[in-house]
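Reading through the structure tokens given below for one structure.
The values are calculated or read from the model by the stated rules, or taken from the named source; none is laboratory data. Here the structure is a predicted model, which is why all the values come from computation and not from measurement. No Cβ is skipped: glycine too gets one built from the backbone with ideal geometry, and neighbour counts run over all protein chains shown. Protein only, heavy atoms only, side chains kept; ligands, DNA and RNA dropped before computing areas. Shrake-Rupley method; radii C 1.70, N 1.55, O 1.52, S 1.80 Å.
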Amino acid sequence: MNNIPAVMIIFGGSGDLAHRKIYPALFNLYRQGLIQDNFAVIGTARRPWSHDYLREVVSTAVHEFFGEVNEDDLAAFASHFYYQSHDVTSVDHYKTLKKLASDLDEKYACQGNRIFYLAMAPSFFGTIAEHIADQHLTGTGFNRLIVEKPFGTDLASAQVLNKQIRSSFNEEQVFRIDHYLGKEMVQNILPLRFANPMIKVLWNKDNIKNIQVTLAERLGVEARGGYYDQSGAMRDMVQNHIFQIITLLAMPEPSRLTDQEIHVAKEALLDSLVIPDEAAVARDFVRGQYAGTETTFEYVKEPNVDPDSNTETFVAGHVEFKHGPLAGVPIYFRTGKEMREKKTRIDVVFKGQRSLYGQVADNTLTIEVDPTDQIYFHLNGKTIQGGDLRKEKIYYRFSDEEQAKVPDGYERLIRDVFVNDSTNFTRWNELRQYWKFVDAVEAAWQKQNEAGVKPVKYPPYLLGPAESKQVFQDPGDSWIYK
Ligand code: BG6
């Protein structure tokens, strides 16, 4: 599909996300012809920028991302950008915005299509959505809303936000972003499971012992202490990214590969999500906070962090479903800041079989999402000399040339919005279940805080607290990624 006409309104047009991700993504979609002459982008934010200034910002953002580009293309692309200084609480500003959008619609023949992108402080999402409704900003063609994370801070606030959004958009028009769903190897989970008969027959509770999802980050909270201290690893990474990965790993096979059927399969799985009680959280979850080194701050000394904070910068635990192919199989997860290296990977551990060779290593299938896109399988075989067994890896991976062509997740997801494919976005019913789980864990931790139980301190740049091995139900199990 090419040349999809639309006026896109970005709330947060002067922000970091627009600069780093959205503008470069739109430029690439323009180079590919998805958007051509019939589009306009209105950037809005409080700052008093001019159209020309925004166009300069867009050009800089594109250069920073792609390096050298065709300058004529870039100038033509940037000329479609307009800026409106906007106070999201002022009704008058929505009136001006509406007028600008319809003028641009006429100028560029955008057929009444609108894409609204909420890419600013989440506390304003609801207000903006309500004013889009009461000031009738929607167009006469298609109307779509892209919402960044976080979508609420707990189930109750997410419900309020959802209601505000649904006052002007129906569920099919709402695209809740989770940028992990734009990553190459996350998008490869379903093909891996369902396009390989060998894997498909093994992917069930009879053959899989456990799955381990690791999202490790080398960086600390950096300049985001203010946000992070209110959030913590559970809300920042588990509620969205980890849960989306786990859902793809555990969902039943959809009846067709349409966005509709994929969401039906996900929801069927998530209805059977086991919500942990207080005792289960105390027993099966580990929360940690990074300690300092001679040259780095400990978490509670980071700028804008409460010195008595109990916010976790690391969490490990597990998720379990009552139904689906992996019913009852523990899916372990861990994520943290200031860990050894940036690494996002999934290890699928197959059950050991009784073997003529005695105790053999588990067969494991590893999906690496970051920093490299690859999948590998561990096989046991004989050593050349005979006698012992050895373990070898079989790879599915890209050449350097292919790897360089893997698009940024944002480009993929924004393209999906233009072509109206909601496969890789979060539906409300999924989000609701994720929040139920996270709320239960947070409530249990709150009780622990009141009882004076604090997160464990862990030494930076390793794999989190040593206690994280306590999450395993079978004491014989351990983290595959060590
Ligand atoms: C974001 C979190 O959603 O994901 C950040 O808010 C985190 O804290 C980031 O650093 C990680 O994303 P990626 O793509 O770098 O793994």
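Some observations on this one:
- Here Tyr117 meets the list (1) at pLDDT 95 or above; (2) farther than 30 Å from Gln230 by Cα almost entirely, failing just condition (2).
- Those helices (runs of 4 or more DSSP H) of the stretch 224-324 in which 1 or more residues are acidic (Asp, Glu) occupy 225-233, 259-270, 278-284.
- The stretch 170-182 - residue that is open to solvent by 40 Å² or more (accessible area, probe 1.4 Å) and in contact (Cβ under 8 Å) with a residue 60 or more places away in the chain and, of those, farthest from the ligand (Cβ to nearest atom): Glu172
- Among (1) crowded, with 18+ Cβ neighbours inside 10 Å; (2) modelled with pLDDT under 95, the one test that Ser167 misses: (1)
- Subset of the stretch 338-368 [of a type in the set (D, E, K, R) and either modelled with pLDDT under 95 or open to solvent by 50 Å² or more (accessible area, probe 1.4 Å) (or both)]: Arg340, Glu341, Lys342, Lys351, Arg354, Asp362
- Verdict on Val238 being away from the ligand (no atom under 16 Å from the Cβ) and under 21 Å from Leu463 (Cα atoms): no
- Test for Met198: is it open to solvent by 10 Å² or more (accessible area, probe 1.4 Å) and part of a helix (DSSP H, G or I): yes
- Which numbered condition Gln212 misses (of (1) touching a strand residue (DSSP E or B) at 6+ places or on another chain (Cβ under 9 Å); (2) open to solvent by less than 20 Å² (accessible area, probe 1.4 Å); (3) within 12 Å of the ligand (Cβ to nearest atom)): (3)
- Among residues of the stretch 110-129 that are on the phi > 0 side of the Ramachandran plot, those with a beta-carbon under 7 Å from a residue that is in a loop (DSSP other than H, G, I, E, B) and open to solvent by less than 50 Å² (accessible area, probe 1.4 Å) at least six positions away or on a different chain give the pairs Gln111/Pro5; Gln111/Gly141; Gly112/Gly139; Gly112/Gly141.
- Apart from one condition, Arg218 fits all of (1) outside any strand (DSSP E or B); (2) within 16 Å of the ligand (Cβ to nearest atom); (3) buried (at least 19 other Cβ atoms within 10 Å of the Cβ); the exception is (3).
- Candidates Ile146, Ile132, filtered to the one that is open to solvent by less than 50 Å² (accessible area, probe 1.4 Å), within 16 Å of the ligand (Cβ to nearest atom) and either closer than 21 Å to Ile242 by Cα or hydrophobic (A, V, I, L, M, F, W, C) (or both): Ile146
- Those residues of the stretch 105-129 which are surrounded by fewer than 19 Cβ atoms within 10 Å (Cβ to Cβ) and not small (Gly, Ala, Ser), in sequence order: Glu106, Lys107, Tyr108, Gln111, Pro122, Phe124, Thr127
- The criterion of being within 13 Å of the ligand (Cβ to nearest atom), surrounded by 15 or more Cβ atoms within 10 Å (Cβ to Cβ) and over 16 Å from the mean Cα position of the chain (by Cα) does not hold for Val186.
- Taken together, Thr127, Thr153 contain a single residue that is hydroxyl-bearing (Ser, Thr, Tyr), out of contact with any His (no Cβ under 6 Å at 6 or more places or on another chain) and in a helix (DSSP H, G or I), which is Thr127.
- Complete set of residues in the stretch 221-235 that are touching a Phe, Trp or Tyr at 6+ places or on another chain (Cβ under 9 Å) and either aliphatic (A, V, I, L, M) or more than 13 Å from the ligand (Cβ to nearest atom) (or both): Val221, Ala233, Met234
- Number of the condition not met by Pro371 [criteria: (1) surrounded by fewer than 15 Cβ atoms within 10 Å (Cβ to Cβ); (2) in contact (Cβ under 8 Å) with a residue 60 or more places away in the chain; (3) within 16 Å of the ligand (Cβ to nearest atom)]: (2)
- Residue in the stretch 283-298 that is under 22 Å from Lys209 (Cα atoms), modelled with pLDDT of 95 or more, in contact with a His (Cβ under 9 Å, 6 or more places away or on another chain) and not acidic (Asp, Glu) present: yes
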